[in-house]
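Readers should treat all values here as calculations from the given coordinates under stated rules, not as data from a laboratory. Note that the structure is a prediction, hence the values are computed from the model and not measured. Cβ sites come from the backbone with ideal geometry, for glycine too, and all protein chains shown count toward neighbours.
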Amino acid sequence: MADRYLILEDGSVFPGTAFGSPAVTFGEMVFTTVMTGYQEIITNQVFHNQIVVFTTPNIGNYGIERNIYESIVPTIKGVVVKNVANVSTNKKRRLTLDRYLNSMNIPGIANVDTRALTHRLRDAGKLLKGSIVPVPDEHAFDQLQATVLTNQQVAQVSAPKPYPNPDVGMSVVVVDFGLKNGILRELSRRKCNVTVLPYNATAEEILRLDPDGVVLSSGPGNPASLRASVLEMIREVETRVPLFGIGLGHELFAIANGCSLKPIIPDHSGMNHPIKEVITGHIVYATQNQGYILTHDAVDRSQLYVTYVDLIDGSIQGLRHRDYAAFSVQFFPDGAPGPDETNGLFDEFMDTMRVREGR
Amino acid sequence: MAQDCVLLIGTESDNLQHGDELDTLTLDIAASLKKQGLTTVLISTNPFSFSLDAKQAVDHAEIVPVTSINVENIINKYHPRYIVPTLGGRHAFEVIQEVAESGTLQKNNVELLGSPLSTIRQINNPVMLSRTLHTMDAPTKKIATVDNYQAADDTVTQIGYPAIIRSIMPKTSSFWRIVHDKNEMHEAVTIGLQRSRAGQILIQQSLAGLKEIEVIVLRDASGTMMQLAMVEDIDPIGTHAGDSIAVTPAQTLLDREIQDMRDIAFAITRKLRVVGINHVQFALDEEKEQFYVIKNSPYLDRMSTFVGQATGYPVGMVVGQLYAGMNLVDIHLDHGYYRHAAVTEPVMDRVAVRVPVWPSSILHGKNRLLSTQKKSLGSVIGIGRSLEEALCKAISFDHGEDLRLQAENKLSEDELISGLIHPQIGRLYLLMEALRRGYSPEELSEMTKVDEYYFVELDKLLDLVKQLNGHPGDEKLLGQAKYLGIPDKLIADLWGLSEGRVAAIRHGNGINRTYKMVEPTGGEFATDVASYYSTFEMEDESQVTPTPSVMVVGAGPLQLGMGSAGDYFYAAVLAKLRHYGYHTIVVNNNPSSVTLSPLLANKRYLEPLIAENIQSIVGIEHPDYLLVPASRSDLLSALNVADETQLLTMPINRNTRSISSHFPLYNCDLLFDGKQLYQLAITADYQSPLNLKYQSTHQYLPVELTPLDKHQVERLVDQCRSSLTKPGLYQLVMSVHQDGTIKREGLLPLPLTDVAFLSKVLALDIPGLYSQIATDVLDDEQQLAVQHPRLVERAVYQAQFPFKALRVQNGQLSVKNVMGATMFLFPHQNKLS
């Protein structure tokens, strides 16, 4: 039955069947326990250079829907799942998942014992490299071992030059570290006049646009691998205009303000952890995709205070600056996929900008 | 100070609206409340309830009808601080509202758990509820009352076709019609207005054909809410949700749709201040990107048990703790779960389907059509790593129906199309037959409003069956077939081989079952939820249960004939065996079965109850005892059990008693332990003798016997003693003739329905005694108990039949059609004066 294999650097082989592109790819192995929105996951840049294992058994059930992409060109390195359905249901969903992945050069492998694989990734003790190959021979393993994965993920996925997303409301600059469309969608809903700048935009370039506020977007990879100039930009901008960091943007905001992060193994991707809002004690659920965590003792309390905590792993999920109108969250308040319960953070950002403006 | 007391309002009898799930949840919730230090009182008249007998959960069983007067009396007797109104279906809500309106709750300072009174009022009064939903901007279907044609026309123009037109206060018979265009509308409005005493009609938007979705929410007293599960029905609106095949997780919905429904479900749950569980049902119109709230049920129901078994989340235990005032973040689950598991939303790396089981034997002709009126009694769960596998498992119990579609092959094209458009019992097979005949998924989806996805998946199964048919013995196809969940039996039939031969080819080619844990984290955390299902993949997670162990093959779904009396029996046996230190392993496919409660089963296999699957589990577990229903001769002959396992048959058979007599009947219920014969009770049937098919569906005790009668009975019992060799429970049926003679009609196994009834009447653990005599004789204490059962003033047993609810005419009031039962018990008051 098997005509395609997932091989891991620890030597394990998972047989399966091919779908999507026939390309041979290499990537970091991560699993996601998210049960909804396969298309949003696959097109989220946060998974750049990663091979994503869906623990939910079925994807592709409604094909590809034109309105729910999270990026135009997905950069995920592969999709691993138990079953993939070959369905395209109506005129808004003309493409099947298989055809879509094929056209995007992304290989998929189905009929994999993803539960066994998840256990392997969970218990490996380190982030494993993997490759989707037609034959799991010595040559394939050699290539996998020899492959050095880039640590310049952000540079690879960030927009190379600025572009506008005009509307009639507040002026917002979004710094693109691997933006997902959900952030733009939420700002659009609030009529923000958005300018997206590349990840290496300087404070001067940002402030020259005289924005009402700045969003540091989510994105892939290790925040420590970004150049120090990014941190300098954050330290400058936060003193001047309201700032909202999401995902990688949150991690960078934390580092810029004296915190240090450490990797978690395996990466955490899901939407079912209880997250406590510290001030109210409320529990919320939100999509999380993170490879690094900030623990309580690593927060510089002279500058920041903690707003959200993940009850399961204890990781800090939200920070706010003591002196400036700047805050950040590790999770994705724009959902897509995921619960909307923290969607109000965008309203909070809007309020912050309005207060600042005196409107 | 006395412990705080909590009163749980139970059920009168299982019926079409609620079955065994409520007893199962009552057991877990009551045990959970008791563990929190509360004294528990349960009011119920269901003889098949295990909870009523379960001392580990219920301190005081009150076997009286669930009426407001009785509830008030019990309040005055026990002075409970709390009442749980969510375990007795809608009836309990109605009763509690009456009790509240009498002022009893307020006077006694009793607090309602689960649903506040204001919420209960709204659930009891749909108009109030829709007003509430309206004020919170929850989308509901459009509805209007009009009194003239012009207004009707305007309204329909506004809400669109199809619309439902209904007469308000109809003069004679009620009138309602679904209209699709202006002509139909015109006619319906004219008739509707004429027929109405008030000269008014109700115009409703029709939601028929839309997707039906249920969101299940947990909420604690602090306001924390989480989504327990989302369930999608394969069948569209128009078929009752209980008669639809349900799937979790949701399969064909966009995340955006899911999150929108989640938001509304949370908002409603918050607004209604539910603590515990809430079920919110939606109709989803994908084309118009619009959805509607169609129902809200803030009480425990069949979906509570289904999603509990599907997700591995211990619903009853958690809801019990929420009722006890704990918050989700503070709930600590048993050792098998990680910290904060109770407040982590369950995720699944499997597919679970719930397939309804209909009382087919009494549904004929037009009555087989499915509608908004529920017709199924029980259900089975199928869990697999794919939709196909889950479905195959769920339907593997269907006798005489399989993927060969032999009956459907014979249908004419017209019959098939009519069957597709008007859903009926066994619909899944019709859908497949249409695929087999070459209709495309797209066409079929258009015709049936079933999502195209399901047809695409079903087609894979049919394709494989076709290939198997053409290639007997092909090992590669065999591997694929097993991977998709096709049972050995079907492959054997297709290949003209024995089932054993297919299994041998399978083993020879290394195509073996592996077991996966049903746990709520998708493998993210190391958990040890002792619940498993099988598939054919690499990793196997099931570890052998420590000895001594006993494995029980469950009685399966709730069906006519025995109701849940079989589960009652098993539950009592399991409780006894656990007490003796056995590790209990339960195999069942009925998600609502009480035997799956963690209080009774140390380890659960959610598997089909067919030889192939049972054999495979026996092969891993090597239990000391294997308990199989005596009626499962198919299993008994097929199972290959190692020497160290002792096979015991349980008297779980559907009742086949067929004594008919014109004379009144007495039943003498007997227990034989291999040495001695004990007389447990004598009951009399009281159904009208005019009913010639005279069977024991209604009985009472004690029976007033004259000394002469007694003598005659003793003599007949003595005669039995000599003929008995096998230890067991027996019933001597006797007829009382006009001249006063009592004659033997037959000596039969004691029906399980009677075991359940008698256990409660006599306060004797008869199933426990049975498990004792199956392996040993009674000890002194047990002998004493059997010889001196509780005395009662009067106890009455009444079987319940589904005929009225199913609109079946001339239904036979016989044992084989029993749906549930009610009992009344008046214990003997030992007055010391």
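Which of B:His698, B:His422 has the fewest other C-beta atoms within 10 Å, and how do the rest follow up to the most?
Going from sparsest to densest Cβ surroundings: B:His422, B:His698.
Extent of the range A:112-177 along each principal axis, from alpha carbon coordinates, in Å, largest to smallest?
57, 26, 24
Would you mind ranking B:Ser130, B:Ser593, A:Ser158 so that the residue whose beta carbon has the fewest other beta carbons within 10 Å leads the list?
Values: B:Ser130 16, B:Ser593 31, A:Ser158 22.
Ordered by Cβ neighbours within 10 Å, fewest first: B:Ser130, A:Ser158, B:Ser593.
Just need the Rg to Rh number for chain A, please, alpha carbons only, Kirkwood Rh.
Checking Rg against Rh, the ratio lands at 0.97.
Which helices pass in chain A if a helix is a full DSSP H run, must span at least 18 angstrom along its long axis by Cα, and must have mean Kyte-Doolittle hydropathy not below 0.5?
Answer set is empty.
For the range A:239-359, would you read off the P(r) tail past 20 Å as a percentage of all alpha carbon pairs? Can you show the working numbers first?
Working: 2769 of 7260 pairs.
Percent of Cα pairs beyond 20 Å in the range A:239-359: 38.
Estimate the FRET efficiency between B:Ala638 and A:Tyr305 by the formula 1/(1 + (r/R0)^6), using the beta-carbon distance for r and 56 Å for R0, to the nearest 0.05.
With R0 = 56 Å, the Cβ-Cβ based efficiency is 0.25.
For every other residue with a beta carbon closer than 12 angstrom to the beta carbon of B:Leu729, add +1 if it is Lys or Arg and -1 if Asp or Glu, then tell me the sum.
-2
Seen from all sides and averaged, what is the projected area of the convex hull of the Cα atoms in the range B:300-357, in nm²?
4.6 nm²
Debye calculation, C-alpha points only, no solvent: report log10 I(q)/I(0) for the protein assembly as shown at q = 0.04, 0.06, 0.08, 0.09 Å⁻¹, in the same order as the q values.
Here the Debye-derived log intensity ratios amount to -0.24, -0.54, -0.95, -1.18.
In the range A:202-238, which trypsin sites (Lys or Arg not before Pro) are in a loop and have at most 14 other Cβ atoms within 10 Å, using DSSP for the loop call?
Counting only loop positions with at most 14 other Cβ atoms within 10 Å, the trypsin sites (Lys or Arg not before Pro) in the range A:202-238 are A:Arg227.
Principal axis lengths of the range B:143-205 from Cα atoms, whole Å, largest first?
28, 17, 16
What are the trypsin sites (Lys or Arg not before Pro) within the range B:1-89 that DSSP puts in a loop, where the Cβ has at most 13 other Cβ atoms within 10 Å?
Listed in order of number, the matching sites are B:Lys55.
Mind computing the radius of gyration and Dmax over the alpha-carbon atoms of the range B:6-59? Å is fine for both.
Here Rg and the maximum Cα pair distance are 10.5, 34 Å.
Between B:Ser418 and B:Glu184, what length in nm is gained on full extension when 0.36 nm per residue of separation is reduced by their alpha carbon distance?
The span from B:Ser418 to B:Glu184 would gain 82.1 nm if fully extended.
Calculate the translational D of the range B:398-514 in whole µm² s⁻¹ from Stokes-Einstein, where the hydrodynamic radius comes from the Kirkwood formula applied to all Cα pairs, the temperature is 20 °C and the viscosity 1.002 mPa s. It would help to have the intermediate numbers written out before the result.
Values: Rh = 15.2 Å.
Here the translational diffusion coefficient equals 141 µm²/s.
So the label point goes 7 Å from the Cα of A:Leu95 along Cα→C-beta, right? Which residues of the range A:158-175 then have their backbone N under 20 Å from it?
A:158-159
Hey, could you pull the Cα Rg and Dmax for the range A:254-298, both in Å?
12.1, 30
I need the Debye-formula profile for the range A:288-359: one equal scatterer per C-alpha, no solvent, reported as log10 I(q)/I(0) at q = 0.12, 0.20, 0.24 1/Å, two decimals.
-0.37, -0.94, -1.16
If each DSSP helix of 4+ residues adds -39,500 (n - 2.57) and the sum is divided by the residues in chain B, what number results at 222 nm, nearest 500 deg cm²/dmol?
Computed ellipticity for chain B at 222 nm equals -10500 deg cm²/dmol.
Give, in whole angstrom and from largest to smallest, the semi-axes √(5λ) of the equivalent ellipsoid of the range A:122-216, with λ running over the eigenvalues of the Cα gyration tensor.
Rounded to whole Å, the semi-axes are 40, 15, 12.
Expressed as a fraction of 2.2 N^0.38 Å, the rule-of-thumb size for a compact globular protein of N residues, what is the C-alpha radius of gyration of the range A:154-357?
Cα-based Rg divided by the globular estimate yields 0.92.
Can you show me the helix-derived [θ] at 222 nm for chain A, built from DSSP H runs with n ≥ 4 at -39,500 (n - 2.57) apiece and divided by the number of residues, rounded to the nearest 500. Spell out each step's value before the answer.
On the way: 10 runs with 84 residues, N = 359.
-6500 deg cm²/dmol, from helical runs alone.
In a solvent-free Debye calculation with one equal scatterer on each Cα, what is log10 I(q)/I(0) for the range B:665-827 at q = 0.11, 0.20 Å⁻¹, listed in the order of the q values?
Here the Debye-derived log intensity ratios amount to -0.47, -1.40.
Could you give the spread of the C-alpha atoms of the range B:10-132 along their three principal axes, from largest to smallest, in whole angstroms?
That works out to 42, 35, 25 Å along the principal axes.
Between A:Arg66 and B:Thr725, what FRET efficiency follows from the Cβ-Cβ distance if R0 is 51 Å, with the result rounded to 0.05?
Details: r = 75 Å, r/R0 = 1.48.
For R0 = 51 Å, the calculated efficiency reads 0.10.
Measure off 7 Å from each Cα along the Cα-to-Cβ vector at B:Gln56 and B:Gln543, then give the distance between these two points in nanometres to one decimal.
Between B:Gln56 and B:Gln543, the label points sit 2.1 nm apart.
I'd like the projected area of the range A:4-149, averaged over all directions, using the convex hull of its alpha carbons. Report it in nm² with one decimal.
7.7 nm²
Need one number: % antiparallel among DSSP beta bridges in the protein assembly as shown, to the nearest 5.
65 percent
What average number of partner chain Cβ atoms lie no more than 10 Å from the Cβ of the residues making up B:245-253?
Details: counts 0, 0, 1, 1, 5, 3, 7, 6, 4.
Partner-chain Cβ atoms within 10 Å, mean over residues of B:245-253: 3.
Using 13 Å as the cut-off for backbone N distance, which residues of the range B:150-170 belong to the label zone defined by a point 7 Å from the Cα of B:Arg197 along Cα→Cβ?
Correct set: B:168-170.
What shape does chain B have by the C-alpha gyration tensor, where a ≥ b ≥ c are the square roots of the eigenvalues, rounded means a/c under 1.5, and otherwise prolate means a/b greater than b/c and oblate the rest?
The shape class here is rounded.
For the range B:216-368, what is the Kirkwood estimate of the hydrodynamic radius, computed as the reciprocal of the mean inverse distance between distinct Cα atoms, to one decimal in Å?
The answer is 16.6 Å.
Around B:Thr132, what is the net charge, scoring Lys/Arg as +1 and Asp/Glu as -1 over all other residues with Cβ under 13 Å from its Cβ?
Summing Lys and Arg as +1 and Asp and Glu as -1 gives +4.
Can you give the Kirkwood hydrodynamic radius for the range B:537-650, in Å, rounded to one decimal and based on Cα pairs?
Computed over the range B:537-650, the radius equals 14.1 Å.
Return B:Asp285, B:Asp14 ranked ascending by Cβ neighbour count within 10 Å, so the fewest neighbours appear first.
B:Asp285, B:Asp14
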